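In what follows, a single structure is set out as structure tokens and then discussed.
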Amino acid sequence: MEQTFQLILLIALCSVSECVQRQYHYINERKTWTEAQRYCRENYTDLATADNMNNMNELNKSVNDRSVQYVWIGLQKTGRDEWHWSSGEPVLYLNWAPGQPDGRDDCAVMLNGKWHDWTCNSARYFICNNNELIVIRENLTWAEALRYCRQNHVDLVSVHSEEIQRRVMNVVKRASTAAVWLGLHNYCIMNMWIWLSGEIVCYQNWAPGNGTTPENCKLEKRKGAVQSGGDQRWISLPESHKLNFICSRY
């Protein structure tokens, strides 16, 4: 009966989970698409990605100079005549202007919220995905990492979707420890894993042997971390381990 209740609760909470809104930064410098991509990767995360209408509205609002036309976004055509995002994320949403893409060019710009294909060597202003996540290369316990994130940023990161996991994978490679703390903790009384954001673990990316069996909390409470190498899956560790960690900034 107790397990049935937990399953019903899990389904209900997962169904109301919300995606995190992307953040963008408009760059008032003219660069080619490749130069803009390099700039965004060095200073932010990557050239702008939009995967739904809410993202698109935020992307359009980020252009604070309405006299500017045709700004680069992170969409580029591959040799297979398919479009893909600079970040490596799948193209789940399209917002082409009427008659676009016309097939003549291999990079994408935005004008008044609509996309156009454009010659990649043209110098345009551009938009970066802002740094929602940051790896802190200090070795702290889970509690110390939590305190650091809340004092200096927002919180330890909650990875409640595949989209957020991809962002984690982009930044975790910068870590100096084999695993990196996430905002994931085990609620021993119900033997459930919960994010600091209050969400149940709906999307899961556990390494084999981790996260799916009851934890022994009598010795020490367990927290969740992500591997910084390999396939970057989640693992369960004692909270006293000292690791790098990922803070969310929004």
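List of remarks:
A quick yes/no check of all residues on (1) at pLDDT 95 or above; (2) assigned by TED's automatic domain parsing to the domain that holds Tyr44; (3) of a type in the set (Gly, Ala, Ser); (4) buried (at least 18 other Cβ atoms within 10 Å of the Cβ):
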position: Asn64; (1), (2), (3), (4): no, yes, no, no
position: Ser67; (1), (2), (3), (4): no, yes, yes, no
position: Tyr70; (1), (2), (3), (4): no, yes, no, no
position: Asp81; (1), (2), (3), (4): no, yes, no, no
position: Ser86; (1), (2), (3), (4): no, yes, yes, yes
position: Pro90; (1), (2), (3), (4): no, yes, no, no
position: Asn95; (1), (2), (3), (4): yes, yes, no, yes
position: Met110; (1), (2), (3), (4): yes, yes, no, yes
position: Asn121; (1), (2), (3), (4): yes, yes, no, no
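- Selection count where residues are of a type in the set (D, E, K, R) and modelled with pLDDT of 95 or more, scope the stretch 165-181: 0
Here's the yes/no breakdown for (1) more than 30 Å from His25 (Cα to Cα); (2) touching a Leu at 6+ places or on another chain (Cβ under 9 Å):
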{"position": "Phe126", "(1), (2)": "no, yes"}
{"position": "Ile164", "(1), (2)": "no, yes"}
{"position": "Val171", "(1), (2)": "no, yes"}
{"position": "Val180", "(1), (2)": "no, yes"}
{"position": "Trp193", "(1), (2)": "yes, yes"}
{"position": "Ile200", "(1), (2)": "yes, yes"}
{"position": "Pro208", "(1), (2)": "yes, no"}
{"position": "Pro214", "(1), (2)": "yes, no"}
{"position": "Arg222", "(1), (2)": "yes, yes"}
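- Selected residue (criterion: nearest to Thr45 (Cα to Cα)) from residues of the stretch 154-170 that are crowded, with 18+ Cβ neighbours inside 10 Å and over 9 Å from the mean Cα position of the chain (by Cα): Val157
- Test result for Ser240, surrounded by 14 or more Cβ atoms within 10 Å (Cβ to Cβ), over 13 Å from Ile134 (Cα atoms), more than 15 Å from the chain's Cα centre (by Cα) and of a type in the set (Ser, Thr, Tyr): no
- Subset of the stretch 131-164 [hydroxyl-bearing (Ser, Thr, Tyr) and at pLDDT 90 or above]: Thr141, Tyr148, Ser158
- Residues in the stretch 191-237 that are among the polar types (S, T, N, Q) and within 20 Å of the chain's Cα centre (by Cα) were compared, and the one that is farthest from Thr177 (Cα to Cα) is Ser197.
- Only residues that are basic (Lys, Arg) and in a loop (DSSP other than H, G, I, E, B) were counted across the stretch 155-186, and they come to 2.
- Filtered residues of the stretch 132-154 (kept if out of contact with any Leu (no Cβ under 9 Å at 6 or more places or on another chain), under 29 Å from Asn55 (Cα atoms) and assigned to a helix (DSSP H, G or I)): Gln151, Asn152
- Of all residues in the stretch 163-184, none satisfies being touching a residue at least 12 places away in the same chain (Cβ under 8 Å), on the phi > 0 side of the Ramachandran plot and outside the structural domain of Gly88 (by TED's automatic domain parsing).
The values are calculated or read from the model by the stated rules, or taken from the named source; none is laboratory data. Keep in mind the model is a prediction, meaning the values are calculated, not measured. Because the Cβ atoms are built from the backbone with ideal geometry, glycine has one as well, and the counts that use them run over all protein chains shown.
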